[in-house]
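Q: Below: one structure in structure tokens.
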Amino acid sequence: MRNLVKMSDLSKEEVYDLIQRALELKAGASPIQRPDLIAANLFFENSTRTKHSFEVAQMKLGLQVLNFDASTSSLNKGETLYDTCKTLEAIGCNILVIRHSQEAYYQELEGLTIPIVSGGDGSGEHPSQCLLDLMTLYEHFGRIEGLEVVIAGDIKNSRVARSNYHMLTRLGAKVQFVGPQVFADPTLGQMVDFDQVIGQVDVCMLLRVQFERHQEQVSLSQADYHTRYGLTPARYRALKPQAIVMHPAPVNRDMEIASELVEAPQSRIFTQMTNGRYMRQAILEKIISDNAL
């Protein structure tokens, strides 16, 4: 694994190896220690979970951490993303973790000799979030093949939906979508009726409405959206007893999910966040090993 920027970079075997290693780390296995390496985190979009989860993972591996601040960098003088990354490479950084609003930004960085881990690219993909979601599913069900998953929300603009759909499908799960038609992505499939599928699914995955990415006006009020497309208490009660609720966060409470359900017994939302640290440790270990750093 030279880089990790999209889920197609990984084979099925590599996915399961990463899940197994992340579960071992969560169970108390000792991570590698590489205090000689420097990881730089370049986040050009706001982030709490992904950015700080990578930071904690890096610290647990003993890496030195450089947090790049775009607002005070030479990008404001016209420097390109490529030249910024080459500069960090030149001064001794060994790994770059990058989140950028430009879809497939990494295609401009092929001249780098150090590895890249994507923290998300525009509405493209979010591989580390997908992997921690897969870890959470495997931890709960002991399998991924055969699971029925409904993903509800802003499908069109969600890199999480895109990564999860493609990898879940590759691993043998069935994925359906719920949301207003304006949020549909025809390349991923058609929307279904939430109330018709809620009692059948193993996983109810909710997504944030990404108002900042919409060019068109989103006409639904928060209350209307919640009633029609959110996880209400009534829909929660309709879930199978072993079904779980997931959300990559941040959560718009009482829009995508009723506030009282965020920490309900079948919710795994904060478990996902915990698992993110261990999965990102596993990702970084693999990047270090596969690049012979």
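Q: How long are the three semi-axes of the equivalent ellipsoid of the stretch 99-159, in whole Å, if each is the root of 5 times an eigenvalue of the C-alpha gyration tensor, listed from largest down?
A: Those come to 28, 16, 8 Å.
Q: For the chain, what percent of Cα pairs sit more than 36 Å apart?
A: Percent of Cα pairs beyond 36 Å in the chain: 16.
Q: Quick one: 3J(HN,Hα) in Hz for the stretch 9-22, Karplus 6.51/-1.76/1.60 with θ = phi - 60°, rounded, Gly and Pro as x.
A: 5, 10, 7, 4, 5, 5, 4, 5, 5, 5, 4, 5, 5, 4
Q: Something else now. For the stretch 1-142, just say rounded, prolate or oblate: build the C-alpha gyration tensor, square-root its eigenvalues into a ≥ b ≥ c, call rounded for a/c under 1.5, and beyond that prolate if a/b exceeds b/c, oblate if not.
A: It comes out prolate by the Cα gyration axes.
Q: Among the chymotrypsin sites (Phe, Trp or Tyr not before Pro) in the stretch 136-227, which ones are in a DSSP loop with at most 13 other Cβ atoms within 10 Å of the Cβ? Mind listing them?
A: none
Q: With a 1.4 Å probe and every protein chain left in place, work out the accessible area per residue of the chain in Å², rounded to a whole number.
A: Counting only protein heavy atoms, the per-residue value for the chain is 42 Å².
Q: Size of the stretch 63-194 along its principal axes in angstrom, Cα-based, largest extent first?
A: 51, 35, 23
Q: State the percentage of accessible surface on the chain attributable to carbon and sulfur atoms; use a 1.4 Å probe and exclude ligands, DNA and RNA.
A: Carbon with sulfur: 47 percent of the solvent-accessible area.
Q: Considering amide H positions built from the backbone, and no H for Pro or chain starts, which residues 5 or more places from residue 66, or on another chain, come under 5 Å of its amide H?
A: Close amide H contacts, sequence-distant or interchain: 39, 40, 41.
Q: Right, here's the next one. Helix-only mean residue ellipticity at 222 nm, the chain, DSSP H runs n ≥ 4 weighted -39,500 (n - 2.57), per residue, nearest 500. What is it?
A: -11000 deg cm²/dmol
Q: Just to confirm the filter: which GluC sites (Glu not before Pro) across the stretch 1-85 are DSSP coil and have at most 14 other Cβ within 10 angstrom of their Cβ?
A: Counting only loop positions with at most 14 other Cβ atoms within 10 Å, the GluC sites (Glu not before Pro) in the stretch 1-85 are 79.
Q: Another question, then. Contour minus end-to-end for residue 182 and residue 234, with contour as 0.36 nm per residue of separation and end-to-end as the Cα-Cα distance?
A: Net length gain for the segment: 16.2 nm.
Q: Between residue 12 and residue 69, what FRET efficiency comes out of the Förster formula 1/(1 + (r/R0)^6) with R0 = 45 Å and r the beta carbon distance, rounded to 0.05?
A: E between residue 69 and residue 12, to the nearest 0.05, is 0.75.
Q: OK, next. Between the stretch 64-97 and the stretch 241-271, what is the separation of their alpha carbon centroids in Å?
A: After rounding, the separation between the Cα centres reads 36 Å.
Q: Taking H as built 1.01 Å from N, whose amide H comes closer than 5 Å to the amide H of residue 231, not counting residues under 5 places away?
A: Here 257, 258 satisfy the definition.
Q: For residue 83 and residue 193, compute 0.36 nm times the residue count separating them, minus their Cα-Cα distance, and round to one decimal in nm.
A: So the chain would gain 34.8 nm between residue 83 and residue 193.
Q: Now a separate question. How tilted is helix 159-170 with respect to the longest principal axis of the chain? Cα atoms for both, answer in degrees (0 to 90, nearest 10).
A: 80 degrees
Q: Amide H neighbours of residue 244 under 5 Å, counting only residues 5+ apart in sequence or on other chains, H built in-plane at 1.01 Å?
A: Long-range HN contacts for residue 244: 203, 204.
Q: Extension gain residue 107-residue 47, at 0.36 nm per residue separation less the Cα-Cα distance, in nm?
A: Computed gain between residue 107 and residue 47 is 19.4 nm.
Q: Suppose we keep just the alpha-carbon trace of the stretch 128-268; what are its Rg and Dmax in angstrom?
A: Using the Cα atoms of the stretch 128-268, the pair Rg, Dmax is 13.8, 42 Å.
The values are calculated or read from the model by the stated rules, or taken from the named source; none is laboratory data. Predicted, not measured: the structure shown is a model, and the values here were computed from it. Because the Cβ atoms are built from the backbone with ideal geometry, glycine has one as well, and the counts that use them run over all protein chains shown. The accessibility values were calculated without ligands, DNA or RNA, using every heavy atom of the protein model including side chains. Shrake-Rupley method; radii C 1.70, N 1.55, O 1.52, S 1.80 Å.
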